[in-house]
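Written below as structure tokens is the structure these notes are about.
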Amino acid sequence: MKKIEVQGIDISIKSFHEEEYISLTDIAAKAEGDNKQLILRWMQNSDTLLFLQAWEELHNPDFKVMEMNNFRLQHLEKRYSATPQKYIQQTDAIGIVSKSGRYGGTYAHKEIALNFCYWISPQFQVYMYKAFTELMEAEYQKHNLQWHISKITDNIDEVRNLLDTIPGQEAKRNRLIDRK
């Protein structure tokens, strides 16, 4: 699990569905009050539900659009509260992951998390975007460096193997070993 700090708040990042998901529970700490209630209020916003539907339709071929329409209508009529877990169960959504319990929490795909940040505070969204982008760039540089080092190592091994094929050549001469 990775963490970034945004305006003094530690925010967890986990991988789900081979993508980075950001903790909405941690982001909610930015605002005063109960984290869980803040996420529920965001989910009860009709613009949020339209955004979630558009995101899922773009990224999730198994998304249940008809169930989402029913979910939105029930929410707008105030029949029940919209929770992340109900949303996921009813629509087969993949943009939000929510688990109960001690190590639980609500995580969202980075694009959805940024929408949540904007809902809390546009200024906080800007700082969140900057911190997340810096983390991703640092990881890219690290992976890029590791890839180059592995290619250099592979090339060195190939040269050693080629040198070993020269008649009369001692294999140990081409290895980094103590020759004492």
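The values are calculated or read from the model by the stated rules, or taken from the named source; none is laboratory data. Note that this is a predicted model, so its numbers are computed, not measured. In this analysis, Cβ positions are derived from the backbone assuming ideal geometry, glycine residues included, and neighbour counts consider all displayed protein chains.
Going through segment 56-83 one residue at a time, which ones are in a helix (DSSP H, G or I) and either of a type in the set (S, T, N, Q) or in contact (Cβ under 8 Å) with a residue 60 or more places away in the chain (or both)? If you could, list the steps in order and put the result at the bottom.
Pass one, segment 56-83, residues in a helix (DSSP H, G or I): 56-59, 65-76.
Hits for segment 56-83 are ASN69, ASN70, GLN74.
Within segment 135-150, identify whether any single residue is surrounded by 12 or more Cβ atoms within 10 Å (Cβ to Cβ), among the hydrophobic types (A, V, I, L, M, F, W, C) and at pLDDT 80 or above, and answer yes or no. Lay out the reasoning, then the answer.
Step one: filter segment 135-150 for residues surrounded by 12 or more Cβ atoms within 10 Å (Cβ to Cβ), giving 135-136, 139.
Next, from what is left, pick out any that are among the hydrophobic types (A, V, I, L, M, F, W, C): 135-136.
When the remaining residues are screened for being at pLDDT 80 or above, the result is none.
No, because not a single residue in segment 135-150 is surrounded by 12 or more Cβ atoms within 10 Å (Cβ to Cβ), among the hydrophobic types (A, V, I, L, M, F, W, C) and at pLDDT 80 or above.
Restricting to segment 46-67, and then to whatever is charged (D, E, K, R) and loosely packed, with under 12 Cβ neighbours inside 10 Å, can you tell me which residue is farthest from ILE96 (Cα to Cα)? Reasoning before the result, please.
Going through segment 46-67, the residues charged (D, E, K, R) turn out to be 47, 56-57, 62, 64, 67.
Right, trim to loosely packed, with under 12 Cβ neighbours inside 10 Å and you get 47, 62.
Working: ASP47: 16, ASP62: 14 Å.
This residue is ASP47.
Looking only at segment 8-34, count every residue that is at pLDDT below 85, surrounded by 11 or more Cβ atoms within 10 Å (Cβ to Cβ) and not small (Gly, Ala, Ser) and tell me the total.
3
Which ones in segment 7-26 are without any contact (Cβ under 8 Å) to a residue 60 or more places away in the chain and small (Gly, Ala, Ser)? Walk me through how you get there before you give the answer.
Going through segment 7-26, the residues without any contact (Cβ under 8 Å) to a residue 60 or more places away in the chain turn out to be 8-10, 15, 18.
If the condition is that a residue be without any contact (Cβ under 8 Å) to a residue 60 or more places away in the chain and small (Gly, Ala, Ser), then GLY8, SER15 are the ones that fit.
Listed residues GLN37, GLN53; which is at pLDDT 95 or above, polar (S, T, N, Q) and assigned to a helix (DSSP H, G or I)? Write out each step before concluding.
Values: GLN37 fails: at pLDDT 95 or above.
Sole residue among the options that is at pLDDT 95 or above, polar (S, T, N, Q) and assigned to a helix (DSSP H, G or I): GLN53.
Pull out all pairs, ordered by first then second residue, where Cβ-Cβ is under 8 Å, the residues are six or more apart or on different chains, the first lies in segment 89-110 and is on the phi > 0 side of the Ramachandran plot and in a loop (DSSP other than H, G, I, E, B), and the second is of a type outside the set (D, E, K, R) and modelled with pLDDT of 95 or more.
ASP92/ASN60; ASP92/PHE63
Determine if segment 96-119 includes at least one residue that is touching a His at 6+ places or on another chain (Cβ under 6 Å) and buried (at least 16 other Cβ atoms within 10 Å of the Cβ).
Kept after step one, since they are touching a His at 6+ places or on another chain (Cβ under 6 Å), are these residues of segment 96-119: none.
The answer is no, given that none of the residues of segment 96-119 is touching a His at 6+ places or on another chain (Cβ under 6 Å) and buried (at least 16 other Cβ atoms within 10 Å of the Cβ).
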